[in-house]
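*Asks:* Got a structure here, written out as structure tokens. Questions coming.
Please treat every number below as a calculation from the coordinates, not as lab data. A quick note: this is a predicted structure, and the numbers were derived from the prediction, not measured. Reconstructed Cβ throughout: ideal geometry from the backbone, glycine too, with neighbour counts over all protein chains shown.
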Amino acid sequence: MDENIELLTGWGGTAPTATRVAEPHSPGDVREAIAEAPDRGLVARGLARSYGDAAQNAGGVVLRMTELAAVHDVDIEGAGVTVDAGVSLEQLMRLLVPLGLFPMVTPGTCQVTVGGAIAADVHGKNHHGVGSFCNHVEAFTLETPQGTRHVTPDRDPDVFWATAGGMGLTGVVTQARLRMKRIRTSRIRMDTERASDLDDAMSRMEQRDSDYHYSVAWIDVMARGSHMGRSVITRGDFAEPDELPTRMRSDPLGFKPSTVLTAPPWFPNGLLNKVSVRAFNELWFRKAPRHQEGAIVPLASFHHPLDFVHGWNRIYGTRGFLQYQFVVPYGPEGEAAVRTAVERLSAHGAPSFRAVLKRFGPGNPGHLSFPMPGWTLTLDVPAGMPGLAGLCDGLDEVVLEAGGRLYLAKESRAKPWVIHPMYPRLDEWREIRAKLDPGGVLRSDMARRLDLC
Amino acid sequence: MQDALGSVQSILVLGGTSDIAQATALELTRGGARRFVLAGRDVAGLDANAKELLAAGASQVDTRQFDAVDTYGHESFVREAFGVLGDVDLVLVAFGVLGDQERLDHDRQAAMDLIAVNYVGAVSVLYPVVEHMKEQGHGTICVLSTVAAERARRSNYVYGSSKAGLDWFCQGLGDALVGTGVHVMIVRPGMVRTRMTEGMEDVPLTVDPEDVAAAIREGLASGREIVWVPGPIRWVMSGLRHVPRALFRRLPV
Ligand SMILES: Cc1cc2nc3c(=O)[nH]c(=O)nc-3n(C[C@H](O)[C@H](O)[C@H](O)COP(=O)(O)OP(=O)(O)OC[C@H]3O[C@@H](n4cnc5c(N)ncnc54)[C@H](O)[C@@H]3O)c2cc1C
Ligand SMILES: NC(=O)c1ccc[n+]([C@@H]2O[C@H](COP(=O)([O-])OP(=O)(O)OC[C@H]3O[C@@H](n4cnc5c(N)ncnc54)[C@H](OP(=O)(O)O)[C@@H]3O)[C@@H](O)[C@H]2O)c1
């Protein structure tokens, strides 16, 4: 295995730590690395699209899984695939979209590995209908300090659901079998509407989300006063071939996910100030059609709009940024919490490009899985913003009070005593983990910071 | 672990009875720090500070004997302190003595004793600290230097030279540690109202220990390498740096 000392961060570029990075090329390499792990332990890392310190392990070993990336079996009839954990969703899409298959769940970027998607139990714009990633995982192979396990939700439900959302702390996933969605075109039929404020957005989503497979609202959190919470709601589903414009019908499953722009290697700190972001948001809101139905758009621009600019996270400057994402249960308390969050962010003038608001459907049995029925709000903020720590700590309280939680895949700054009550099944999860890893080999910076294991 | 906004969880304080150190420990406790080792010579003083931190929300505060001049004991002392805390997110090097320059003008032994604490003692304890921090792959070493390290002054040149030595050592150390996950932050306060300066007249830009503490917290958040307290004193010092010696000698600084 190739090994190197590297300074690692997550996608937010904050809190770098030094680690020995090894790149396994086979499950045997993974077993060997686990057997030889140093005192400070080991954790897997995919494409490092989690924002905080989940895929870091200061002073220990990090297994970069991206070389373990073979597609083993594609069952077009049965809509299933067996892949290595280091396969990215982009790689899967390139291969499978032309064959009429698409991941059941994809996050807002396709630059994530299957292992990372399982470990965070990621969700997409269709959570209200189909649940999260692990709802569609039929089986996976898990390397643990206690040996190799072939896990299915029926045969080994404890280990399966402790790993779903378990942030790499139950073992290293090397292979997985996924159920796929059948598609007949690579285009999305998209409806767009603008909402004048937050209440308007929430009531429009409440009424019509169930009519669509995919749905999400983008909120301009910098808008104030009567515009506070103004949003653009986009919803849709895969188009049928006869809905495509004639020129596309010859190749209904054509797919080009490629990056078209590369961000320069550095941006001056403070580039994203309130004025520039406000102007950008204004332009973007005005550009969105007030109401439009049946637009046909490429799936990449619908699902992964940011993937078109490679390395866009560098726009936040050297201090990096963080993403704040929470979910609160439906009901008056949860809705009040969303409103409070948007109000505080708007009042603080957080220079954030849009926030994303979405409605979740039922959660799954994952002990640390994030989604629960409720509203989830997500936004990026530059780490250097004055008063950010206090703002976030205050929002944590609002979320906790409302019975909600923060998303570990985005988390980089909360306190352990805030996270623990948000995940009431943490102790149950710890017990299962302790059986898989009695010596505490599986460890990450996040596990240390949040006192998870 | 230090988080994305620079909050730390566990701190080793060298000079646990220092007013600046205690103000900093309290400030960082408000920011979420919970585990401490306070090290120094004055056991009763350390215990009193430990109580105050526990009352402020800390969950674990140990006190340890530490003398800067006992360089033979530094390695085992550091090993034990890291053993008690597990990961150490921040080591605060706050011990130091100012001395009385009039006496230091002619007392060779007093000058050597001062240097033995401020410079030799600090360098000695930093070696094992660096080793342990490199091993854990992360951490910040925050060292109390002073504006007096910037330019030699008639009124405190023995102190100033010892701090200048430490300051330069830490600048080079910081550069040497790039890529290791260990970060060195040098703090250069002007005059601070503490036990060290008791009875001395305030000069312009004199601050309180709490101001130094706030600047350290902000420095951790922004990953600074050098922190001036108060901020504007940086510009005063950069002005003074270019004043010719013949003139500087006569300035009341
Ligand atoms: C632009 C953008 C948009 C996003 N949108 C969404 C979204 O809409 N919904 C959503 O849910 N998330 C979203 N995310 C977050 C992202 O989907 C998750 O953080 C995901 O886990 C990243 O996968 P990765 O391969 O990069 O994993 P990494 O970030 O490298 O690792 C994440 C976790 O997975 C573990 N892990 C990685 N590989 C393995 C393995 N083989 N075995 C065991 N554990 C492993 C790591 O230890 C770590 O704990 C978004 C991220 C970005 C940057
Ligand atoms: N006050 C200022 O104006 C000012 C300005 C710039 C920089 N600084 C620096 O800031 C740091 C903290 O100073 P302070 O203002 O907080 O003063 P302080 O309260 O007097 O603290 C000095 C500390 O150094 C400790 N110390 C002295 N000799 C020691 C030794 N041999 N071994 C271990 N510890 C020893 C003292 O411990 P005991 O209780 O055992 O004596 C005391 O805790 C010092 O490094 C100082 O040089 C101060």
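*Asks:* Loop only per DSSP, at most 16 neighbouring Cβ atoms within 10 Å: give me the GluC sites (Glu not before Pro) in the stretch B:174-225, ordered by residue number.
*Replies:* In loop regions of the stretch B:174-225 (DSSP not H, G, I, E or B), the sparsely surrounded GluC sites (Glu not before Pro) are B:Glu198, B:Glu201, B:Glu225.
*Asks:* Provide a whole-number value for the mean count of partner chain Cβ atoms within 10 Å of the Cβ atoms in peptide B:176-183.
*Replies:* Average per residue, whole number: 3.
*Asks:* Can you compute the charge dipole magnitude of chain B about its Cα centre, using +1 on each Lys and Arg Cβ and -1 on each Asp and Glu Cβ, nothing else charged? Give it in debye, rounded to the nearest 20.
*Replies:* Here chain B has a charge dipole of around 780 debye.
*Asks:* Could you let me know the centre-to-centre spacing of the stretch A:331-374 and the stretch A:397-444, using Cα atoms, in angstrom?
*Replies:* The distance from the Cα centre of the stretch A:331-374 to that of the stretch A:397-444 comes to 18 Å.
*Asks:* Okay, moving on. Average partner chain C-beta neighbours within 10 Å, per residue of B:131-140?
*Replies:* 5
*Asks:* Taking a temperature of 25 °C and a viscosity of 0.890 mPa s, what whole-number D in µm²/s does Stokes-Einstein yield for the stretch A:187-413 with Rh from Kirkwood over alpha carbon pairs?
*Replies:* Answer from the Stokes-Einstein relation: 131 µm²/s.
*Asks:* What aspartates and glutamates sit close enough to A:Lys435 to cross-link, taking a C-alpha to C-alpha distance under 16 Å and skipping anything fewer than 8 places away on the same chain?
*Replies:* Result set, ordered by chain and number: A:Glu143, A:Asp156, A:Asp158, A:Asp427.
*Asks:* Also: Taking the Cα centre as origin and putting +1 on Lys and Arg beta-carbons and -1 on Asp and Glu beta-carbons, what dipole magnitude results for the stretch A:187-413, to the nearest 20 debye?
*Replies:* Around 800 debye, computed over the stretch A:187-413.
*Asks:* So what is the orientation-averaged projected area of the stretch A:91-156, using the convex hull of its C-alpha atoms, in nm²?
*Replies:* 5.6
*Asks:* So which lysines pass the test for B:Lys163, namely a Cα distance under 29 Å, with those fewer than 8 places away in the same chain ruled out?
*Replies:* B:Lys134
*Asks:* So for the pair A:Ala70, A:Ala347, with labels modelled 7 Å out along Cα→Cβ, what separation do we get in nm?
*Replies:* 5.8
*Asks:* Now for a different question. If packing is taken as the average number of other Cβ atoms within 10 Å across a peptide's residues, how do B:168-180, B:138-150, B:30-42 rank, most packed first? List each step's numbers first, then the result.
*Replies:* On the way: B:168-180: 15.3, B:138-150: 24.7, B:30-42: 21.7.
Packing proxy ranking, top to bottom: B:138-150, B:30-42, B:168-180.
*Asks:* Taking R0 as 30 Å, what FRET efficiency do you get between A:Asp427 and A:Ala336 from their Cβ-Cβ distance, rounded to the nearest 0.05?
*Replies:* Efficiency at R0 = 30 Å is approximately 0.50.
*Asks:* For A:Leu283, A:Leu198, B:Leu26, A:Leu95, what ranking results if the residue with the fewest other Cβ atoms within 10 Å of its Cβ goes first?
*Replies:* So the ranking, lowest neighbour count to highest, is A:Leu283, A:Leu95, B:Leu26, A:Leu198.
*Asks:* How would the stretch A:1-111 be classified by its alpha-carbon gyration tensor: rounded, prolate or oblate, with rounded meaning a/c under 1.5 and the a/b versus b/c comparison settling the rest?
*Replies:* oblate
*Asks:* Let me ask another. What translational diffusion coefficient, in µm²/s and rounded to a whole number, does the Stokes-Einstein relation yield for the stretch B:1-128 at 37 °C and a viscosity of 0.692 mPa s, taking the hydrodynamic radius as the Kirkwood radius over Cα pairs?
*Replies:* 216
*Asks:* Using Cα pairs closer than 8 Å and at least 6 residues apart in sequence, work out the relative contact order for chain B, in percent.
*Replies:* It comes to 20 percent, rounded to a whole number.
*Asks:* Which residue, A:Leu391, A:Ala295, A:Ala337, has the largest displacement toward the positive end of the dipole of chain A when charges sit on each Cβ (Lys, Arg +1; Asp, Glu -1)?
*Replies:* My answer, from the dipole projection, is A:Ala295.
*Asks:* Placing +1 on the Cβ of each Lys and Arg and -1 on the Cβ of each Asp and Glu in the protein assembly as shown, which of A:Val114, A:Pro241, B:Gly96 has its Cα farthest towards the positive end of the resulting dipole?
*Replies:* Most positive-ward Cα: A:Pro241.
*Asks:* Now for a different question. For chain B, go through all pairs of different Cα atoms, get the mean of 1/r, take its inverse, and jot down that Kirkwood value in Å.
*Replies:* Numbers: mean 1/r = 0.0544 Å⁻¹.
Evaluated on chain B, it is 18.4 Å.
*Asks:* If we sort A:318-324, A:292-298 on the protection proxy, mean other Cβ atoms within 10 Å, highest first, what's the order? Before the final figure, lay out each step's value.
*Replies:* Numbers: A:318-324: 23.1, A:292-298: 14.0.
The peptides rank, most packed first, as A:318-324, A:292-298.
*Asks:* Report, in deg cm²/dmol and to the nearest 500, the calculated mean residue ellipticity at 222 nm for chain B, where each DSSP H run with n ≥ 4 adds -39500 (n - 2.57) and the sum is divided by the residue count.
*Replies:* Computed mean residue ellipticity for chain B: -13000 deg cm²/dmol.
*Asks:* Now for a separate question. In percent, how large is the relative contact order of the stretch A:187-413, given Cα pairs closer than 8 Å and 6 or more residues apart?
*Replies:* 25
*Asks:* While we're on this one: Expressed as a whole number of Å, what is the distance separating the alpha-carbon centroids of the stretch A:62-99 and the stretch B:63-109?
*Replies:* 56
*Asks:* Please compute, over every Cα-Cα pair in the stretch B:179-253, the percentage with a separation greater than 14 angstrom.
*Replies:* The proportion of pairs with Cα distances above 14 Å equals 68 percent.
*Asks:* Below 8 Å between Cα atoms, with a sequence gap of 6+, how large is the relative contact order for chain A in percent?
*Replies:* Relative CO of chain A lands at 19 percent.
*Asks:* Take the Cβ-Cβ distance between B:Glu210 and A:His227 as r, set R0 to 30 Å, and report the resulting FRET efficiency rounded to the nearest 0.05.
*Replies:* The pair B:Glu210/A:His227 has a calculated efficiency of 0.15.
*Asks:* Report the one residue of A:Pro351, A:Ser50, A:Thr141 whose Cα lies farthest in the direction of the positive end of the charge dipole of the protein assembly as shown (charges on C-beta: Lys and Arg +1, Asp and Glu -1; origin at the Cα centre).
*Replies:* So the residue we want is A:Pro351.
*Asks:* Please compute the length gained on full extension between A:Ser196 and A:Ala288, using 0.36 nm multiplied by the number of residues separating them and subtracting their Cα-Cα distance.
*Replies:* The A:Ser196-A:Ala288 span can extend by a further 31.9 nm.
*Asks:* Rounded, prolate or oblate: pick one for the stretch A:147-244, where a ≥ b ≥ c are the square roots of the eigenvalues of its C-alpha gyration tensor, a/c under 1.5 means rounded, and failing that, prolate if a/b is larger than b/c, else oblate.
*Replies:* oblate
*Asks:* How many nm is it between the label spots at A:His150 and B:Gln65, if each spot is 7 Å from the Cα in line with the beta carbon?
*Replies:* 6.2
*Asks:* Need one number: nm distance between label points at B:Met112 and A:Ala295, each 7 Å from Cα along Cα→Cβ, rounded to one decimal.
*Replies:* 8.1
*Asks:* Please report B:Tyr157, B:Tyr72 as a ranked list, fewest other C-beta atoms within 10 angstrom at the top and most at the bottom.
*Replies:* Numbers: B:Tyr157 17, B:Tyr72 9.
Neighbour counts put them in this order, fewest first: B:Tyr72, B:Tyr157.
*Asks:* While we're looking at this one, here's another question. Around A:Ala22, with a cut-off of 14 angstrom between Cβ atoms, what is the net charge of the other residues, counting Lys and Arg +1 and Asp and Glu -1?
*Replies:* -4
*Asks:* Shielding of B:2-14 by partners, i.e. mean partner chain Cβ atoms within 10 Å per residue?
*Replies:* On the way: counts 8, 15, 23, 14, 6, 7, 0, 5, 0, 0, 0, 0, 0.
That average works out to 6.
*Asks:* Rounded, prolate or oblate for the stretch B:149-216? Axes are the square roots of the Cα gyration tensor eigenvalues, ordered a ≥ b ≥ c, and the cut-off for rounded is a/c under 1.5.
*Replies:* oblate
*Asks:* Quote the charge dipole size of the protein assembly as shown about the Cα centre in Debye, to the nearest 20; the model charges only the Cβ of Lys and Arg (+1) and of Asp and Glu (-1).
*Replies:* 1900
*Asks:* What three numbers, in Å, describe the spread of the alpha carbons of the protein assembly as shown along their principal axes, ordered from the longest?
*Replies:* Its Cα atoms span 98, 58, 43 Å along the three principal axes.
*Asks:* Shifting gears a bit: Using Cβ contacts closer than 10 Å as the measure, can you line up A:Ser26, B:Ser76 from fewest to most?
*Replies:* In increasing order of surrounding Cβ atoms, one gets B:Ser76, A:Ser26.
*Asks:* Run the count for the stretch A:187-413, please: Lys pairs, Cα-Cα under 26 angstrom, 8 or more apart or on different chains.
*Replies:* 6
*Asks:* Starting with the highest mean, order B:106-115, B:91-100, A:140-149 by the number of other Cβ atoms within 10 Å, averaged over the residues of each peptide.
*Replies:* Put in order of decreasing packing, that is B:91-100, A:140-149, B:106-115.
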